[in-house]
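Here is the structure we will look at, set down as structure tokens.
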Amino acid sequence: MPETYHITVETAETGLRLDKFLTDKLEGFSRSRVQALLESGSIMLDGKPATDASAKTKAGQHFTITIPEVQPSHLIAQDIPLTIVYE
């Protein structure tokens with residue numbers, strides 16, 4: 001089940017870059033992770049997708065962030081012969 005966060009911009013937080021603001025609010029998320037969430041449409045601003053990481057925040061804006069579930073990797077290990085050239 002995906003996690004959902006609800007964040008509202010306070011007056012003192014007006015004028016911050018969107019990606020920086022959300023990185024500060026979401027513990028454990030890097031700025032690049034927040035930017036990837038913006039690009040994927042996982043962050044909604046007042047009910048519409050937020051896409052511009054450099055947009056400035058305004059007091060009263062409400063963000064809904066949905067963190068998608070981690071998908072398992074479908075990679076399969078292969079037995080590849082290696083020649084060790086130098087050890």
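Under the criterion of Cα pairs below 8 Å and six or more residues apart, the relative contact order for the chain equals 41 percent.
State the label only: which of (1) 13.6; (2) 14.2; (3) 15.0 corresponds to Kirkwood radius over Cα pairs in Å computed from the shown model? Recomputing Kirkwood radius over Cα pairs in Å here picks out (3). The slack between T66 and K25, meaning 0.36 nm per residue of separation minus the straight C-alpha distance, is 13.4 nm. Annotation for region 12-82: GluC sites (Glu not before Pro) lying in DSSP loop with at most 10 further Cβ atoms inside 10 Å of their Cβ are E27, E69. For the chain, the fraction of 1.4 Å probe accessible surface lying on carbon and sulfur atoms is 55 percent.
Of the residues L18, L38, L75, the one that moves most in a GNM of the chain with alpha-carbon contacts below 10 Å is L75.
The values are calculated or read from the model by the stated rules, or taken from the named source; none is laboratory data. Small disclaimer: the values here were computed from a predicted structure and weren't measured. All Cβ positions, glycine included, derive from the backbone under ideal geometry; neighbour counts span all protein chains shown. The protein model used for the area step is the full one, side chains on, heavy atoms only, and it has no ligands, DNA or RNA in it. Shrake-Rupley method; radii C 1.70, N 1.55, O 1.52, S 1.80 Å.
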